[in-house]
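**Student:** I'd like to ask some things about the structure below.
The values are calculated or read from the model by the stated rules, or taken from the named source; none is laboratory data. As the structure is a prediction and not an experimental result, all values here were calculated from the model. With ideal geometry, Cβ positions are generated from the backbone for all residues, glycine too; neighbour counts draw on all protein chains shown. Keep in mind that these areas ignore ligands, DNA and RNA; they rest on the heavy atoms of the full protein, side chains included. Shrake-Rupley method; radii C 1.70, N 1.55, O 1.52, S 1.80 Å.
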Amino acid sequence: MKILTAHHLRLSRRCGLLQQNAPILFPDITYSFYPVYCGLYNIAFRQIPLREDFSIHVDDYAQPNGGIIFPNPNAPTGVLLPLVAIESLLQRNTESVVVVDEAYIDFGGDSAVSLIKKHPNLLVTQTLSKSRSLAGLRVGLALGHADLIAGLERIKNSFNSYPLSRIAIAGAAAAFDDREYFEQTTRQVISSREQLVAQLLVLGFEVLPSAANFIFVRHLQWAGEKLAQALRERAVLVRHFKGERTNDYLRITVGSEPQNQALLAALTKILA
Ligand SMILES: Cc1ncc(COP(=O)(O)O)c(C=O)c1O
């Protein structure tokens, strides 16, 4: 028998997941789809500025909200929020759902899944698109208290009943079974990231600490957009995000060894 407390019921009944009596909160610099989805579903939101060092500070989220969501590590910065900070947020924010989007967690962070037992309002989402190298399969997962999952199921069944094909489910299960391949590829990305960071520092870049498969960098002598354009002319694609605080930066995905070398060779020429 499942025993539901009044608190769990309150949480799961409100619109499945989010509450509508206050805006949902997420960082001002974060995964660009959050505001897009809020617009699409008419959900009020408030963007909480990252601190000067691009970190999330959980004190800034101590305000009425209909839910909180952030990626950990954050995108496009790669900056990781330690589990102790997430736990402190959960202790203070008990009346709405906290979604930790762990799209990139396998590249260097500790998962918040370990906090689910103690915090019924925590939902952790993951995807097979990044560390499992299966973006084309379109599989993701949500982990949380049974009541939260029941709330999600209810919504799913009324507007998107069959999101996963049997082939996708078989592929996802096989990916989780192949622990060795997963460990080998994530280890490889982490070690390439560390090498790439070291080489970019030598070229005069500032690099934010990253726990993801990308890095967020700037060069004091070059505007981000100009540098992205110069790289594009040499067939190297990196992302530039327009915006007051992101203008100087580039998000560079950690590539294969030849790709990283091509990036470094192109940068060396551009900066010469
Ligand atoms: C922070 C974050 N969350 C979630 C996703 C979703 O990935 P997918 O739709 O491939 O599962 C992405 C993809 O770029 C992401 O950057």
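**Student:** Taking the condition more than 15 Å from the ligand (Cβ to nearest atom) and among the aromatic types (F, W, Y), does Y37 pass? Give the derivation first.
**Tutor:** Working: more than 15 Å from the ligand (Cβ to nearest atom): no; among the aromatic types (F, W, Y): yes.
When the stated conditions are applied, Y37 does not pass them.
**Student:** Which condition from (1) of a type in the set (S, T, N, Q); (2) surrounded by fewer than 17 Cβ atoms within 10 Å (Cβ to Cβ); (3) assigned to a loop (DSSP other than H, G, I, E, B) is the one that T246 breaks?
**Tutor:** Going through the list (1) of a type in the set (S, T, N, Q); (2) surrounded by fewer than 17 Cβ atoms within 10 Å (Cβ to Cβ); (3) assigned to a loop (DSSP other than H, G, I, E, B), T246 breaks only (2).
**Student:** Here's something else I'd like to know. Among (1) within 13 Å of the ligand (Cβ to nearest atom); (2) over 30 Å from A174 (Cα atoms); (3) surrounded by 20 or more Cβ atoms within 10 Å (Cβ to Cβ), which single condition is I68 missing?
**Tutor:** (1)
**Student:** How many residues are open to solvent by less than 20 Å² (accessible area, probe 1.4 Å) and assigned to a strand (DSSP E or B) when one looks only at region 117-136?
**Tutor:** 3
**Student:** Hey, another quick one. Among the residues of region 160-176 satisfying the criterion of being closer than 19 Å to V113 by Cα and more than 14 Å from the ligand (Cβ to nearest atom), which is most open to solvent (accessible area, probe 1.4 Å)?
**Tutor:** Here the residue is F176.
**Student:** Follow-up. Provide a single number: the residues in region 137-159 that are within 14 Å of the ligand (Cβ to nearest atom) and in a loop (DSSP other than H, G, I, E, B). Working first, answer last.
**Tutor:** First, pick out the residues of region 137-159 that are within 14 Å of the ligand (Cβ to nearest atom): 137-142.
Next, only the ones that are in a loop (DSSP other than H, G, I, E, B) stay: 138-139.
So the count comes out to 2.
**Student:** Considering G136, G224, which residue is under 30 Å from Q261 (Cβ atoms) and touching a Lys or Arg at 6+ places or on another chain (Cβ under 7 Å)? Lay out the reasoning, then the answer.
**Tutor:** Numbers: G136 fails: touching a Lys or Arg at 6+ places or on another chain (Cβ under 7 Å).
Criteria check complete, one pass: G224.
**Student:** Please indicate, with yes or no, whether at least one residue in region 189-206 is in a loop (DSSP other than H, G, I, E, B), touching a residue at least 60 places away in the same chain (Cβ under 8 Å), closer than 30 Å to W222 by Cβ and open to solvent by less than 50 Å² (accessible area, probe 1.4 Å). Quick ask: steps written out before the conclusion?
**Tutor:** Taking region 189-206 first, the residues in a loop (DSSP other than H, G, I, E, B) are 203-204.
If we keep only those that are touching a residue at least 60 places away in the same chain (Cβ under 8 Å) as well, we get 203-204.
Filter once more, so that each one left must be closer than 30 Å to W222 by Cβ: 203-204.
Next cut, open to solvent by less than 50 Å² (accessible area, probe 1.4 Å) only: 203-204.
Within region 189-206 (the criterion being in a loop (DSSP other than H, G, I, E, B), touching a residue at least 60 places away in the same chain (Cβ under 8 Å), closer than 30 Å to W222 by Cβ and open to solvent by less than 50 Å² (accessible area, probe 1.4 Å)), the answer is yes, since at least one residue qualifies.
**Student:** Another question about this same structure. Could you identify the single residue in V202, V238, V207 that is within 28 Å of V139 (Cα to Cα) and β-branched (V, I, T)?
**Tutor:** Details: V202 fails: within 28 Å of V139 (Cα to Cα); V207 fails: within 28 Å of V139 (Cα to Cα).
Going through V202, V238, V207 in turn, the sole match is V238.
**Student:** Of the residues in region 34-45, how many are open to solvent by 80 Å² or more (accessible area, probe 1.4 Å) and within 18 Å of the chain's Cα centre (by Cα)? Explain how you work it out, then say what you get.
**Tutor:** Kept after step one, since they are open to solvent by 80 Å² or more (accessible area, probe 1.4 Å), are these residues of region 34-45: 37, 40-42.
If we keep only those that are within 18 Å of the chain's Cα centre (by Cα) as well, we get 37.
Number satisfying all stated conditions: 1.
**Student:** Could I ask something else about it? Suppose the filter is buried (at least 16 other Cβ atoms within 10 Å of the Cβ), within 16 Å of the chain's Cα centre (by Cα), closer than 19 Å to L143 by Cβ and more than 16 Å from the ligand (Cβ to nearest atom); does L83 pass it?
**Tutor:** On the way: buried (at least 16 other Cβ atoms within 10 Å of the Cβ): yes; within 16 Å of the chain's Cα centre (by Cα): yes; closer than 19 Å to L143 by Cβ: yes; more than 16 Å from the ligand (Cβ to nearest atom): yes.
For L83, the condition - buried (at least 16 other Cβ atoms within 10 Å of the Cβ), within 16 Å of the chain's Cα centre (by Cα), closer than 19 Å to L143 by Cβ and more than 16 Å from the ligand (Cβ to nearest atom) - is met.
**Student:** Also: Residues that are within 30 Å of D248 (Cα to Cα), in a loop (DSSP other than H, G, I, E, B), away from the ligand (no atom under 16 Å from the Cβ) and out of contact with any Lys or Arg (no Cβ under 6 Å at 6 or more places or on another chain): does region 94-116 have at least one?
**Tutor:** Just the residues of region 94-116 that are within 30 Å of D248 (Cα to Cα), to begin with: 99-110.
Filter once more, keeping what is in a loop (DSSP other than H, G, I, E, B): 102-104, 108-110.
From what is left, the residues that are away from the ligand (no atom under 16 Å from the Cβ) are 110.
This time we only want the ones that are out of contact with any Lys or Arg (no Cβ under 6 Å at 6 or more places or on another chain), so: 110.
Checked region 94-116: at least one residue is within 30 Å of D248 (Cα to Cα), in a loop (DSSP other than H, G, I, E, B), away from the ligand (no atom under 16 Å from the Cβ) and out of contact with any Lys or Arg (no Cβ under 6 Å at 6 or more places or on another chain).
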